[in-house]
Amino acid sequence: MSEGNDPPREADEPAAVARVADEPGTAVEAGHGGGVAIRDDDGSASDNNPTDPPTPVNDPTAPAASVGSVGSASSGSGEPSGHPDDAEDPDTHPAAAPDTDADADPDTEDPRHLPPPTPDDRPHAAATPGKDAPEKGASGKDTSGKDAEGPGGDGKLVGAAEHLVERERRRAESRSRRAAGAALALVGGVILAVAAFTTPWRVLAAGAPAVTPDPARDFSAAQIARSQAFDAATSLPGYLSLGLTVLFAGLLVLTPFAAKVLGVLRGPWWLRVVLGVVVLTAITEALRWPLGMWFETIMRDYGLSTQDWAGWTADRLKNTGVSVVLLAIMLLALVALARKVRRWWIPAAVGAFALTVGVSYVYPVVFEPLFNDFTSMPQGTLRTELLAMAERDGVPVEDVLVADASRRTTALNAYVSGFGATRRIVVYDTLLKAPESEVELVVAHELGHAKHADVLDGTLLGGLLAGFGAIGLFLLVGPLRRRTGIASVADPRAVGVLMGVMTLASLVSDPAQNLITRHVEARADVHALDLTRDPATFVAMQKRLAITNISDLSPDAVEYVLYASHPSSPERIAMARSWARLNGVPEP
């Protein structure tokens with residue numbers, strides 16, 4: 001989690017994994033769904049801040065949602081019985097399964113309107129040579145037809161059996177959907193309860209004096225004007241990217257576009273799933289690339305980016321590669337389960353939770369090194385003071401790492417990621433140019449995240465959101481089969497609709513997750529003040545972060561809801577003044 005505001009992002013594209021924090025290249029997204037890493041942009045770095053290394057979680061280019069949305073959906077019809085290789089293959093059965101009303105009562109539905117059973121659903125009544133083959137008379141002609149047409153003939157028996165099988169299938173499907181709906185409500189209730197009880201809705205003690213945020217009190221007219229100009233310059237490409245994200249996701253969810261594009265792929269089902277992820281991600285990346293270059297140009301114009309185009313391209317491609325790998329793993333698991341298990345949403349929900357927790361745990365040591373080099377903070381007064389402060393705070397910290405962020409940005413930042421054995425506190429090398437007292441306050445903020453286990457809490461919440469997403473996909477994708485031209489989730493061409501639904505779900509959940517992380521960040525600010533009891537340095541540090549990172553000092557309501565995972569700098573400064581009055585410390 002960060003120490004500053006969130007500038008408009010290049011895009012609000014959900015990522016492949018859940019995230020609680022917003023630092024590109026280091027945090028993994030709950031998506032914005034449950035944080036795998038708590039990052040601090042310390043002034044301006046946002047979930048998709050192009051000045052920082054991109055992350056698979058909040059990658060502005062990734063077309064799919066995070067682990068936090070892992071899952072898939074189907075009404076249950078079209079699920080293969082028996083070996084997965086016996087399932088309907090979209091290459092040989094290109095037509096979509098009939099879009100029957102999965103919610104209709106199978107006991108009352110008119111059998112005349114039932115869809116014909118699929119080959120896997122039909123009773124095994126095929127004739128076998130020498131036994132079940134139609135009888136032939138001396139002339140060699142079929143003599144069974146006459147009986148079949150009469151009362152009680154074999155033909156009518158077979159038709160009745162087929163109808164009974166179809167009827168039972170629809171009953172099982174209806175039961176499965178009711179069970180999934182109940183599970184969705186249960187998990188949703190658990191998520192609301194966990195969020196309600198773990199989120200610090202009030203960060204200062206009751207009765208704390210109210211202080212109104214006022215940018216004009218702490219920032220000059222020129223600084224405010226520069227912030228507004230930067231916000232105006234980045235808003236257009238940011239909103240265009242968001243609009244493109246929504247349009248492409250809608251195309252995947254409401255049309256057979258993906259089924260047609262992926263229908264030309266050949267090979268085993270698992271290969272077509274992987275290739276489908278690659279193809280759709282490549283299409284999205286190609287569409288968004290010009291907007292990314294536009295955004296990077298603005299960052300350079302304002303002195304926030306130090307990258308050349310080769311470095312920028314390498315970061316973007318690495319980010320895309322990580323997204324593809326994580327998405328491919330998720331969707332391979334979903335399709336495999338759908339081909340084997342009728343109620344596949346149960347193991348999918350469990351697997352989504354486990355994957356979110358696992359990725360959060362290994363992210364600092366597996367993915368972060370792809371974007372930055374890390375070294376131990378050099379021996380000296382600052383390192384000694386920071387480790388002593390951590391010991392005084394009761395937070396075990398063996399080392400403080402420094403990231404070589406200056407090769408990418410001039411922004412100031414620090415963050416904490418991982419949990420347990422992989423937990424680490426990292427500061428940007430750009431931050432070391434600030435006065436040591438301000439660096440100590442930044443690290444004190446990060447110690448607040450560690451002390452309150454914010455990364456772990458965010459990861460667990462993200463895992464629950466991932467399980468919720470898996471069940472939701474089961475219920476959503478079924479009604480979309482006919483629109484999207486797929487037979488079921490077992491169809492490798494279902495990759496498109498799955499990615500589209502995950503993306504839209506992540507976009508919808510982002511505002512709620514931002515609301516939670518803003519309160520978590522505010523609590524970390526209070527922790528820093530409690531630990532250092534130095535509100536004057538806190539205010540000075542917030543002003544430095546806001547000016548250096550060109551934070552939005554007066555974000556409009558839409559941007560605040562969509563993008564802000566941290567309170568604005570004026571809000572944080574006002575909180576520090578309120579803390580000072582509450583604790584009898586001179587107000588800065």
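Treating each Cα of the stretch 213-290 as an identical point scatterer and summing with the Debye formula, the log10 of I(q)/I(0) at q = 0.12, 0.20, 0.22, 0.24 Å⁻¹ comes to -0.55, -0.93, -1.02, -1.10.
In the context of the full set of protein chains, the stretch 500-572 has a per residue accessible area of 29 Å² (1.4 Å probe).
For the stretch 447-569, the share of alpha carbon pairs falling in successive 5 Å distance bins from zero is 2, 9, 14, 15, 14, 12, 10, 8, 6, 5, 3, 2, 0 percent. Multiplying the residue separation of residue 206 and residue 301 by 0.36 nm and subtracting their alpha-carbon distance yields 29.7 nm. Sequence-ordered 3J(HN,Hα) estimates for the stretch 291-302 from the Karplus curve with 6.51, -1.76 and 1.60 and θ = phi - 60° stand at 5, x, 5, 4, 4, 5, 4, 5, 4, 5, 4, 9 Hz, glycine and proline given as x. Over the C-alpha trace of the stretch 258-356, radius of gyration and Dmax come out as 17.8, 55 angstrom.
By a 1.4 Å probe calculation restricted to protein chains, residue 465 has an accessible surface near 40 Å², given to the nearest 10.
Ignoring ligands, DNA and RNA, what percent of the accessible area of the stretch 458-586 is carbon or sulfur (1.4 Å)? Don't skip to the answer; put the middle values down first.
Details: 2280 of 3550 Å².
That fraction is 64 percent.
Within the full protein context, the accessible area of residue 519 is estimated at about 50 Å² for a probe radius of 1.4 Å.
If you count only protein heavy atoms with a 1.4 Å probe, what accessible area per residue comes out for the stretch 205-337, rounded to a whole Å²? Write out the running numbers ahead of the final one.
Details: 5850 Å² over 133 residues.
For the stretch 205-337, the solvent-accessible area averages 44 Å² per residue.
Of the solvent-accessible surface of the stretch 235-295, computed with a 1.4 Å probe and all protein chains present, 85% belongs to carbon and sulfur. With every protein chain in place and a 1.4 angstrom probe, the accessible-area ranking of 227, 437, largest first, reads 437, 227. Distant-in-sequence amide contacts of residue 413, defined by a placed amide H-H separation under 5 Å and a gap of 5 or more residues or a different chain, comprise 428, 431. Every Cα-Cα pair in the stretch 288-416 was counted, and those over 19 Å apart are 67% of them.
What do you reckon, how do 363, 560 stack up by accessible area (1.4 Å probe), largest on top?
These residues rank, largest area first, as 560, 363.
Solvent exposure of the stretch 401-493 amounts to 27 Å² per residue of accessible area, where only protein heavy atoms count and the probe is 1.4 Å. Solvent-accessible surface (1.4 Å probe) assigned to residue 416 amounts to roughly 0 Å².
Descending by average beta-carbon neighbour count within 10 Å, the peptides 570-580, 201-211, 388-398 line up as 570-580, 388-398, 201-211, the highest first.
The values are calculated or read from the model by the stated rules, or taken from the named source; none is laboratory data. For clarity, every value in this text was computed on a predicted model and none was experimentally measured. We place every Cβ from the backbone using ideal geometry, glycine too, and count neighbours over all the protein chains shown. Please note that ligands, DNA and RNA were not included when accessible areas were found on the heavy atoms of the full protein model with its side chains. Shrake-Rupley method; radii C 1.70, N 1.55, O 1.52, S 1.80 Å.
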